[in-house]
Structure formats: C-alpha cells, structure tokens
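To keep things clear, I will list the structure first and then write my remarks on it.
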Amino acid sequence: MIEQELKMIPAREPPKMAVGTIAWLRGNLFTGPLGTAAILLIIYGLILTVPPLVQWLFLDATWFGASSEACDREGACWAFITARLDQFIYGFYPSEEYWRPNLFFAQLAVLVGWLSIKSTPWKKWVLGYSLVIMPVVSWFLLYGDIFGLAKVDTHQWGGLMLTLLLALCGMIASLPFGVLLALGRRSDMPVIRSLCTAYIELWRGVPLITVLFMASVMLPLFMPVEVSFDKLLRAMIGIIMFQSAYMAEVVRGGLQAIPKGQFEAFDSLGLSYWQGMIMIVLPQAMRLVIPGVVNTFIALFKDTSLVLVIGLFDLLAIIQAGLNDPKWLGNSIEGYLFAGFVFWIFCFGMSKYSQRLEQQLHQGH
Amino acid sequence: MSEAELQQKATTADSAAKPTVSIERELTQAQANLIEINGLNKWYGQFHVLRDIDLNVRKGEKIVICGPSGSGKSTLIRCINCLEEHQQGSIVVDGTRLTNDLKNIETIRREVGMVFQQFNLFPHLTILENCTLAPIWVRKQSRKDAEKLAMEYLERVRIPDQALKYPGQLSGGQQQRVAIARSLCMNPEVMLFDEPTSALDPEMIKEVLDVMIELAQEGMTMICVTHEMGFARTVADRVIFMDEGQIIEQAPPEEFFNNPRSERTQKFLGQVLNH
Amino acid sequence: MSDPEGASINNTSSGPVNRLLNSILLLWRDASIRPLIMQAVVVLLVVAMGAWVINNTMNNLETRGISTGFDFLSQEAGFGILQSLVEYDESHSYGRTFTVGILNTLLVSVLGIFFATVLGFLMGVARLSPNWLLARLSSVFIETFRNIPLLLQIFFWYFAVLAALPHPRQSYALGDALFLNLRGFFFPKPVMEQGLSAVFISCLVAVGLALFLRYKHRKQRVETGKGISGAPYLMAALIVGIPAITWWLSGATMTFDMPELKGFNFRGGLSIIPELGALLLALTIYTAAFIAEVVRAGIESVQKGQKEAAASLGLKPGKTLSLVVIPQAMKVIVPPLTNQYLNLAKNSSLATAIGYPDLVNVFAGTTLNQTGQAVEVIAMTMAVYLTISLSVSLLMNIYNKRVALIER
C-alpha cells in the first residue's frame, strides 16, 4: 500500500514563462511600467547616439596622412595619432635608440606577466628583481653613458615611456618608505609615532600639484648651492614623498589585520622586533595589501599626468603639445580620446586585477 | 661580598646570610628552583590583576593552574615570558632575573617555550619552516641541523608527514601539536601552556593532551593553565587555584581534588567537575 | 650561575673607558631606556636635518637676492583675476589675491560636491538596479570615468567641448534669458529690492512652520497611530501661502538683471566662465564615478537578511529602504564619502592647468612668479589645504566615535 502511494516525482521542465529570453527580459529589463518606459527611453537614446558615433569614430575616419588637411571633417582624424605615435610613446628620444625603450617595455611586460600569472615559478626572485634590480637596470638602459650606450639626457624622455617611468619609480621607491612610516605610526614610541603621523597626514592633506610645485621650486632652495637636480629628478622626489604617505596608510591597514597572537608568538620564540617584522608580520601583511597597493598605483598612474604643470612631457602633455602644432589644428577630440583610451586600458586592467586579487583574499580567509 | 654574589642572593628564595659552605647549597637550590616568583604584582590601569604572587617551580615539576576566568592565571604565565610587564616583585628563571635588561629578556625567552590558546602558528610558513625559524635565527643553528631537529619533534607529536603543508591545511588539534613541536625545537627548560585545549573541538582535545602527557613523563618542567581536570590528576605534581589575582590554594592533585581547604576552591571544583 | 650581566660588571676593573662603555651598554640593553635613546636620536636627526635645510635655504635666498617674510602680502598685486567673489582689481594687495583664490577654490569645491553627490548617488543606485540595461550603463559610466586621469577630462571639456561652442553672436539661447557660448554660460541675476527681503524671510518662516508641522504629525502618528488629518495639504498651503501673502501685502517687486549682448560679449546678469564650467563638469563626473562605487558598496554591505527581515515584518519596499537599509548603509558610506569630498577639494587645484583662478593658480602661480617668495607662498597654499583636510577629518572622527557609540 505505502509503496504504491509513495510514487517518486520525476523532475519536469519548468513552465515556459520562468526561463528563456522572455523571462529574462521580464525579470531584468521590462520590470513594471516605469521600468519599461525607462528602458524604451534608454534604447531610443542609444539608437540616436551610437550609430553616428561609430560612423565618426571608424567608418568615416581618416587613418593616415601628413597633416590636418588630409582629413575630411566628416570623421575622426586618426592621422594625427598615427603620424605622431612615435613621439607619443617615446617623447623626444632619438629614433635610432628606440630599441632601448622597447627593451624596457618588453622587460616590464615580461615581469608583469610573470608576477600576475599564478603558476609561474621563482616568484620571490622575480619580485626581488623587479623591486631592486629592475629600476637600476632600466635607468642605465635608458640614460646610457655606460657600456658604450649613447647618453640620452632626461629632458629628451617623454610620452608613455615617461608616464610609466614616473609611476613605476614613484611606486617602487615609496614602498620601503611607506613600510617604515607605517611601522613608525604603529610604534610604541610616542615621538616616532607622532613624527610619522605628522608626515603622513601632511602629505595626504595637500594636493599633488602643490607638492610638485614645491619640489620644482623649493627643493633647489633646500639644497646647498652646488647641488643641482634636473627637472625629472625633482618631480620624482616630489612624487615619492607624496606617494610614501599614501603607501604608509595602505601598509598600516595590512599591519592592523595581523592578529596580536602573531606578535606574541614571535616574541615568545625569542625573535627580535626586526626579525619578527621581516620574517613574520610583513610577509603576511604585504600579501593582504596587494590590492590596496595596486589601487594606489592606479591613482598614481593617473596623477603622473600632473607633471605637465612643471614642464615635463608625459603622455598627456605631449599630446597637448601636439594639438598646438599648426599642421594639426582642430584634432583635440581625437587627441584626448586617444590619451584617454591609453590611460583607460592601463587603469581598467589593473583595477580588474586588483578586484580579482581581493576576491581571492576573501575566499582564502 | 662581590656583586655577582649579591645578584645571586637576590635570586634565591632563602636569602639569609650564610657561611661560604652553604653557598653551595644555595646554588643547588637555585638550580633546583627553575622559576622563582616573589611578591609579584601587576595592574592594568587601576585594575589589580596579580596580587602578591609567590611561586617556586622546581626543575621537572609539573604545575597546573586553574581558576575562574579573569582570575589572572593567563596573565601570570605571560609575565614569566615577559609578554606582559609586571610592576612589582621579582621573577627569576633559571638563574636569570627578569629585569628591564633586554639581554635577560632574550635569555629567558630562549629558555621558556610557550603554547597559546589560539596556536599562533605563522600561516605563511610551512610546518617545517614554523619549527626551524627560531632555531635558525635565534639559536643560530644551521638549516640542516634545525630541520633534523624539527623532524624529530614533529615525529614525537606524531605529524611528520604534514611537515611541508601550511598551517591552514591542518586541523586544530594538529596545529596545536605543531605549536608544541615549534616550542620544543628551541630546547626550552620549561614549557608554558596557556589554555592549550580551549580553542579545540572536543574530539581533538585528547590528541593534544596525549602529547602533553608524554612530554610530562619525559621530565619536562611544565606550567599549564587549563581546565582539563583529568590532565591535572594524571600529570600534575601540584595544582594551583587562583582567584581575583591571588593564589588561593596549592596542593598535590589528590589532596586538591579530594579535600580542598578553601571554600572558593570547593565551589569552583563543584562547578567544573559536575557538569 | 650563568648571569651575563654579572660577568660584564665584574670586568669593569680594567679601566674607566671600559667602565663607561659598559654603563652605556647597560643603558642600551635596558628595555625602558633604549626607546628613549632611540627617540632622542631620531629627534636629533630631524632637528639637524631641519637646521641644514633652513641654513641652505637662507644661503640660497641671499645669493639670489630674494627677500623673506610676509611683507609682500600687503604689496600691490597689479594683475587682474578672471573671476572673483569679492571686490578685486589690479590695485589690491597680494593678501587679497590669497583671499580671492581661497574663495574661488571653495566655490568650485562646494558646487562640485553638490553635483557629484547627486550624480554619484543616482549612478550608485542605478548600478544596483534590477533593470539590466540601466545597471550596465551606469557601470560603463563608472568604469570609464574612474579610469581616466582627471586632468585629461578637464582638458577634454575645456579644449575640446567648450571651445567648440559658438561665438557670443551665435549663442545658443533660451528666450532672452539664458545664453551659452564660447565665453561662458549667462543667466539673469535676481535683484533684491525693498520688501523682497521680507518675502525671503517669510519663505524661511514658512518652511520652518511646515517642518514643525511635519514633526508634530509624525510624532502623533507614531504615538497614537493617527496623524494630524490633512497634514500634507496643510504643509503645502503654508509653504505657498505665507510667502504669497507677504509678497502681496508688502507690494515687493523682483527684477532680474538680464544678460545682454554688447559688442563682442554679454554684459549684465550672472555668468559661469568656461574655465569654471569645464572644471565643474570634470570634477563632478570624475568624483561621481567614485561616489557611485562608495554608495554601491554601502548598500551592498547591508546584509540580505536585513531586507528579508523587514519584508517578513510586512514593511513595503520603500519603507524597508528608508527605515532599514539606508540608515545602515549610511554608516558605511559616510567615511569614504567625506574622503571623496576631500579628494574633490584637493583635485580642484588642477584648475591651474586651464587657468581657472583658484588658490593654486592665482597664489602659487601668478603671485609666486611675481614675488619669487616660493617658501612663504607654497607654505601658505599647503596650509590652506591642510587646514581643510584636517578639520574635515576631525569632524569625521567625531562622527565615527558617535556612530561607534550608538552601535554598542
């Protein structure tokens, strides 16, 4: 009897309304009359704007040419970009030496790829190389005047190359300072703690542009008369001082996340403060702060565009300068779109990477 | 009298001036007393956590400290390791007086192993690296020697096969056994246990206690803060009951459990044993 | 007995130098003295470095013949400023340019904060909308503008968009009142006349009364379950009626000063110069993209269980949002939101790149160039931003403490 009653119910297909395109549309687009109205409005707006935009951007665009006259004004004048691409990437670097920045870019690409792909070996060593040896190697590679490489003065550097250099250098050099400042801000010693706090809050409270002004105008005053910095070095020093403060706050966040027990454990094993910090606390904290570090790097990468106010030619500044070339008047939209596109690719890529890392961290804990 | 002798005198419990013959006796006594705590007082702000604690621990002695939470028992053993600073009184470990002198603090920490309630393993290092870190950097052993030693101790706590895993991959009981092995790798004179089983699931408590019992049988000097009364009965030479920052009662386990003298002890035992 | 300390003391017999070294060693080894020594050393280093820098600066200033001190603040500036909220012309002092700069910075910051908040909240809510297309569009907006340098956006609006506007003679116009052209956006300026102030005050009174009525209504509603009947109508009547009656009684008139094309530009009325317009647009959009993320994170931080609990108690979606979700989300939103406000204020300094006369432009720019007193000028400029940042973070700390207290 019971056997008969207990008939297993086989799984059935859901009714048509619950799945499929129509259900998705109902659930996600045409939600109620208000939603439907909004959607129709948006779609209408898109129809009005997107096709002409595509037309202008691609179909009617002029891709190559020697001056603005080569472009008909129906579409975008990408000739401006293609004709000056070398300058946008390398600045005023002599063209017979382009292989040097190219090598620098290639090195960067390999290192970034190596560090961001999960299964590559010797990560520690590669990271060590990137943080310590790479900046030195890159400097000699680009500046030259050694191993028979021709000297290329820093005022010839520019474009994307300079943007990357400023951001990378600011980042890598500010790491150790940031770590020290963060440790100082969490120190038991009141004098050291307040000094570090004051430093951090001072730089975080003022805009980068004033820091750059300071570096370019005041730094020469601070140094003995016979010491002179070139413009690039001054900008770098300003950026590093500024970035260290932000880095310190990121690192401090990581330090705070390390449980007290870890400190007690290394204390009770007899390790000294610095041994414990270097071998126990920092390795754990740094792993936690990678997403934060990437985020400050993105901010810095965007902020490097400010160096144009002190007369350095980064990517944006060199495009801006190109726009004033009498041969290429009237291409400002194209110029800014291109610059925006390049910046966007870098920043968006990095922010996606940092989001992925953050998710992994959340799952890991 | 030389300064060295003065120093020595301060460290011995019985400090009456004696002729030279008895100095030898004092010395042996000092060695026999591995830990000597006299008149220890500690405050957290206005709160008086430890009140006039006197405690001597002989070499090889096993002591269990129990008492209600907030009675200062954890604080007491953390003072021995200088994880907490005390304000009054003296602590002498193996002849080294715990003062402001960092050298002495270092020496004491080398001699005293500590096992925490929350294990406090280093999550970014493998089990083996956890065990070899301090021997290499504090005892200055070679990596090879340190690893050999670590493997010996890991075998003794019965997890040699986990040596290359990370702490996060181990169960709580296994992690606590690693923590014990990590402390043992420093060849400490005395081991402190701060509620080593409180953070464990019931089925894992036994595996940790077994290791601790074995350690006790090998003659290790141990001070355990624990609520495991069974462990206290089997292993302890002396059970100490603390409440409100004082030592209320101390006695061998049979005496302590069978006829506790103070009323508070009776009440506490009543609550702990009949649940 | 193995006592290292005793051993070292015993060795002191070998001489006064050793004795001294030993006592220093003992001090260094003392846990309570070592930190003091370290801090003293750090202070010494910092002071020494400060002295060195000051000394160098003094020497440098002397060799270059630059004067020091703040006397320059009372000298005549001799340059004009595009836009000023207070009276200013070439004959005013450098001190006055400082004030003009601060006010212009504050103006663009306050306007930017207002618009960025509105746009940011809209975008943040849209990002979480169940409407797929809306959510997509807003995330495209956020991801686009967040990842492009602000300076580039300012340039884009200023040099590419606003520069493409027509000349004043071919202005886009709305009636005879609003004009948009290369020189800016022009709109009528209300002129206060006698009696109008009474109308203005009566407006305030009306709003106050209405708010009081609303408070009474809600209180009664919560206590007795039934509010004052017709309260919303009464409120509307108050707000419209009182000013209208005052207007009629006082016989006030309100006139507008209309912008008019004279020669090559408009005169009269109020105008937003294109520098301000471009800066405001860029700051608003850039910051809104960040605020949208803050808002999204805040709303997402409220656990799903909270909404479900509210729904299971029978609260309608609107009430759930206003009584349960938003109060909790605000606690998460406010701290990073203030951070964004501070960023906006600091970012407004990019104005100098397109010539909007903010503090950095008129003071750290023109004034510095004319006087050469870099140290004083930059220190004053930084001090202004620092004051703003520190006072806002002070307020923020107080707020956080209060919130933390409430949660306990």
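Assorted remarks:
- Computed on chain B, with alpha-carbon pairs under 8 angstrom and 6+ residues apart, the relative contact order is 22 percent.
- Surface/4 estimate of mean projected area, convex hull on alpha-carbon atoms of region C:87-136, nm²: 4.7
- Cα-centred dipole magnitude for region A:109-211, charges only on beta-carbon of K, R (+1) and D, E (-1), debye, nearest 20: 400
- With at most 13 neighbouring Cβ atoms within 10 Å, loop GluC sites (Glu not before Pro) (DSSP) excluded, longest segment of chain C: C:194-408
- Taking chain A as a whole, the Cys residues whose C-beta sits 4.7 Å or farther from every other Cys C-beta are A:Cys169, A:Cys196, A:Cys347.
- Chain C, relative contact order in percent, only Cα pairs under 8 angstrom and at least six apart counted: 21
- Percent of Cα pairs exceeding the 42 Å cut-off, where the set is the protein assembly as shown: 58
- Estimated [θ] at 222 nm from DSSP helical runs (n ≥ 4, -39500 (n - 2.57)) normalised by residues in chain B, nearest 500: -13000 deg cm²/dmol
- The residue list C:Leu26, B:Ile80, C:Gly120 was ranked by how far each Cα lies along the charge dipole of the protein assembly as shown toward its positive end, using unit charges on Cβ atoms, and C:Gly120 comes out on top.
- Each of C:Ile102, C:Gln220, B:Met229 was placed along the dipole of the protein assembly as shown (beta-carbon charges, centred on the mean Cα), and the one lying farthest toward the positive end is C:Gln220.
- Value of [θ]222 nm, deg cm²/dmol, for chain A, DSSP H segments ≥ 4, -39500 (n - 2.57) each, nearest 500: -21000 deg cm²/dmol
- One equal scatterer on each Cα of region A:82-364, no solvent, Debye formula: the resulting log10 I(q)/I(0) at q = 0.08, 0.10, 0.11, 0.16 Å⁻¹ is -0.40, -0.61, -0.74, -1.41.
- Protection proxy ranking of C:226-235, B:158-167, by the mean of other Cβ atoms within 10 Å over each peptide's residues and highest first, is B:158-167, C:226-235.
- Applying a DSSP loop filter and a limit of 15 other Cβ atoms within 10 Å to the trypsin sites (Lys or Arg not before Pro) in region B:38-78 leaves B:Lys59.
- Simple Cβ-charge dipole of chain A, Lys/Arg +1 and Asp/Glu -1, about Cα centre, in debye nearest 20: 960
- Interchain or long-range residues, amide H under 5 Å from B:Glu249's placed H: B:Phe241
- Ordering A:Ala198, A:Gly292, A:Phe263 by Cα displacement along the dipole of region A:82-364 toward the positive end leaves A:Phe263 in first place; charges were set at the Cβ atoms of Lys, Arg (+1) and Asp, Glu (-1).
- Mean-square fluctuations from a GNM of chain A, with a 10 angstrom spring cutoff on Cα atoms, peak among A:Gln320, A:Gln156, A:Gln275 at A:Gln275.
- Candidates B:Glu111, B:Glu155, B:Glu36, ranked by Gaussian network fluctuation over chain B, Cα under 10 Å, top entry: B:Glu155
- The calculated P(r) of region C:117-264, using every Cα pair and 5 Å bins from 0, goes 2, 8, 9, 8, 8, 10, 13, 13, 14, 10, 4, 2, 0, 0 in percent.
- Inter-centroid distance (Cα atoms) of region B:122-200 relative to region A:186-210, Å: 39
- Around the Cα centre of the protein assembly as shown, unit charges on the Cβ atoms of Lys, Arg, Asp and Glu (plus for the first two, minus for the last two) sum to a dipole of about 2320 debye.
- Residue among C:Met330, C:Met380, C:Met58 with the largest mean-square fluctuation in a Gaussian network model of chain C, springs linking Cα atoms under 10 Å: C:Met58
- Whole-number percent relative contact order across region A:82-364, with pairs defined as alpha carbons under 8 Å at least 6 apart: 22
- Ellipsoid semi-axes for chain C, based on the Cα gyration tensor and the rule √(5λ), read 53, 39, 23 Å when sorted largest first.
- Radius of gyration (Cα atoms) of region C:12-129, expressed as a multiple of 2.2 N^0.38 Å: 2.15.
- Taking only the C-alpha atoms of chain B, Rg followed by Dmax gives 19.3, 60 Å.
No value in this document is a laboratory result; all are computed from the given coordinates. Not measured: the values here are computed from a predicted model. Counting neighbours? That spans all protein chains shown, and the Cβs are built from the backbone with ideal geometry, glycine included.
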